[in-house]
Amino acid sequence: MAEVNEVNFSRGGKMAEGGEAVPAPRRRVGGKLIKMIVTSVILLVLIAGGGGAAWYFLTQRGADPAKKSATAGTGHAMDPDAFVETPFFLDLGTFVVNLADGRRYLKASIQLVLSQEGAKAYLTARLAWVKDLVLRQLQNLTAESLRNKTTREDLERNIIREISTLLPAEPKQWKDRDPLKKVVITEFFIQ
């Protein structure tokens, strides 16, 4: 009687010349599954991390009042006095100045954060004076003093103080007596 060989052709098996079945090469079925699982885990970690970070930063807005009072008056992002519901930004442009020590240059891009649109229009009409006041503050800096973190904070406060002298004591175009809330330095480069 003739010998019968079974070959599963649906799995890629072949019949050899001598009637012997040649098994199909084995595929790694788990390789794709492992890649999908690893990718899914990484995505879950990224999503959870992003959600956790968003929750943390959103809940910090109404955080501990003791922390708020510790930063009050510094003009930083966590300063509740500098927070404006609808801010108006006045871009002063980029300043390139010689520092006071004469050996280095400072390149700084500065914007003002105002609480009133009328104050923005008022300062825009006096933009040349505003830029002159900022230039004077920047030219008083030295490269050595800029290594100190508090120098930049002092610079922001001094700019606010100087520009506030241009604002009228009793403004008629807006309600807030101190509409200049913050100085934002978007570029700060020393060479």
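The values are calculated or read from the model by the stated rules, or taken from the named source; none is laboratory data. From a predicted model like this one, the values you see are computed outputs, not experimental measurements. FYI the Cβ positions are ideal-geometry reconstructions off the backbone, even for glycines, and counts take in every protein chain you see.
Tabulated values for the structure
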| quantity | calculated |
| --- | --- |
| Pick from segment 144-191, criterion basic (Lys, Arg) and over 29 Å from residue 102 (Cα atoms), ranking: modelled with the highest pLDDT | 181 |
| Residue in segment 134-179 that is nearest to residue 113 (Cα to Cα), counting only those that are outside any helix (DSSP H, G or I) and among the β-branched types (Val, Ile, Thr) | 165 |
| Of the criteria (1) under 20 Å from residue 93 (Cβ atoms); (2) out of contact with any Pro (no Cβ under 8 Å at 6 or more places or on another chain); (3) outside any helix (DSSP H, G or I), which one residue 129 fails | (3) |
